[in-house]
Amino acid sequence: MSTIRFLLISSSFLFTVIIFFIRDPGVVQKNNAPQVHITSPNNSDRYAWNTVMPYTVTVSDKEDGESKYGEIPAAEIFLELRYFPDPINGALFVRSTQKEPAGFSAIRKQDCFNCHTVHSKLIGPSFSDISGRYKTLPDVAALASHIIKGSTGIWGAAMMPTHPDLSEKEAQLIVQWIIENTNDPDVDYFRGGEGSLRVRPSPNATADGVFVLKATYADHGIDNLPSSSLMGQDVISLNLKNN
């Protein structure tokens, strides 16, 4: 319960009422988990190789607002795409409640996807190219330093901007996640509440393989405290069209 206190200020018969709301320290604020929904495509839709598939994700959060009103930053919505040659493994992934890797949680808060994608060169190299170059002999500390302090000339003329708000530990977690998780051609990530993705043929394709799409949004927590942030997600699976 909150306590309301009134303060009356008098000056020449004019009264000003100032109301103070004092939070009861015994009351614990509750953060509500965001509701995430993949509105397009639909669960169990069928796909064909080499087709472009539009997608739309909506988010509703009691504290942060609604994506349909522009209250949820599109850059904070992510879509993960995974192909499973074995539909049983796809079904297990759909039901999985595995915690998000710390490295991707750190990426989620940064601007990495402004310049990089997982498999295609954008302004900077793709994450999979970075993984391919450094996977055998990764100098995690040096790569983390490039993220924090910025760099130029390593991947051509494009400049890597600085990220001074990142701790060394967070930067190293990002490096480790990129090296260990972005070289799989059957996994991709997209940012934003809407866009298009190309269904590329998998080198591991099978007749009954499935694509699984997982949309996620991490809310801002209570008073923007990261420790109180909650994750919302929606997961659907898509089947291959019969020729």
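Every number in this text was worked out from the coordinates using simple rules, so none of it is lab data. Small disclaimer: the values here were computed from a predicted structure and weren't measured. Please note: Cβ atoms are built from the backbone with ideal geometry, for glycine as well, and neighbour counts cover all protein chains shown.
Around N43, what is the net charge, scoring Lys/Arg as +1 and Asp/Glu as -1 over all other residues with Cβ under 13 Å from its Cβ?
For residues surrounding N43, the net value is 0.
In a simple Cβ point-charge model (Lys, Arg +1; Asp, Glu -1; nothing else charged), the chain has a dipole of about 140 debye relative to its Cα centre. Each of Q35, I130, L173 was scored by the projection of its Cα onto the charge dipole of segment 34-240, and the greatest displacement toward the positive side belongs to I130; charges sit on the C-beta of Lys, Arg, Asp and Glu.
Net charge of the neighbourhood of V199, taken over other residues with C-beta under 15 Å away and scored Lys/Arg +1, Asp/Glu -1, is +1.
Spin-label model, I154/E71: points 7 Å from Cα along the beta carbon direction are separated by 4.0 nm.
If r is the Cβ-Cβ distance from R200 to S40 and R0 is 25 Å, what FRET efficiency results, to the nearest 0.05?
On the way: r = 19 Å, r/R0 = 0.77.
Result of the calculation: an efficiency of 0.85.
Which FRET efficiency value, to the nearest 0.05, do you get for N50 and A91 by plugging their Cβ-Cβ distance into 1/(1 + (r/R0)^6) with R0 = 22 Å?
Here the calculated transfer efficiency is 0.30.
Size of the chain from its Cα atoms: along the principal axes, largest to smallest, the extents are 83, 46, 30 Å. Cα axis of helix 140-149 to longest principal axis of the chain: angle in degrees, 0 to 90, nearest 10? That works out to roughly 50 degrees.
Mind checking the full-extension length gain between L230 and N32? Use 0.36 nm per residue of separation minus the Cα-Cα distance, one decimal, nm.
In short, 70.5 nm is gained.
Over 27 Å between C-alpha atoms is what I'm after, so list which of K30/K109; K68/K121; K62/K149; K68/K109 land there. Could the numbers behind the result be given before it?
On the way: K30/K109 22 Å; K68/K121 30 Å; K62/K149 37 Å; K68/K109 21 Å.
Exceeds cut-off: K68/K121; K62/K149.
Kindly identify segment 134-243 as rounded, prolate or oblate by the Cα gyration tensor criterion: order the square roots of the eigenvalues as a ≥ b ≥ c, call it rounded if a/c is under 1.5, otherwise compare a/b with b/c, prolate if a/b is larger, else oblate. Note, shape of segment 134-243 comes out oblate. Based on the Cβ-Cβ distance from E168 to A102, what FRET efficiency comes out when R0 is 22 Å, to the nearest 0.05? The pair E168/A102 has a calculated efficiency of 0.95. Protection proxy ranking, highest mean first, for peptides 202-212, 188-198, 74-84: 74-84, 188-198, 202-212, where packing is the per-residue count of other beta-carbon atoms within 10 Å, averaged.
The Cα atoms of segment 200-243 cover 53, 18, 12 Å along the three principal axes, with the biggest extent listed first.
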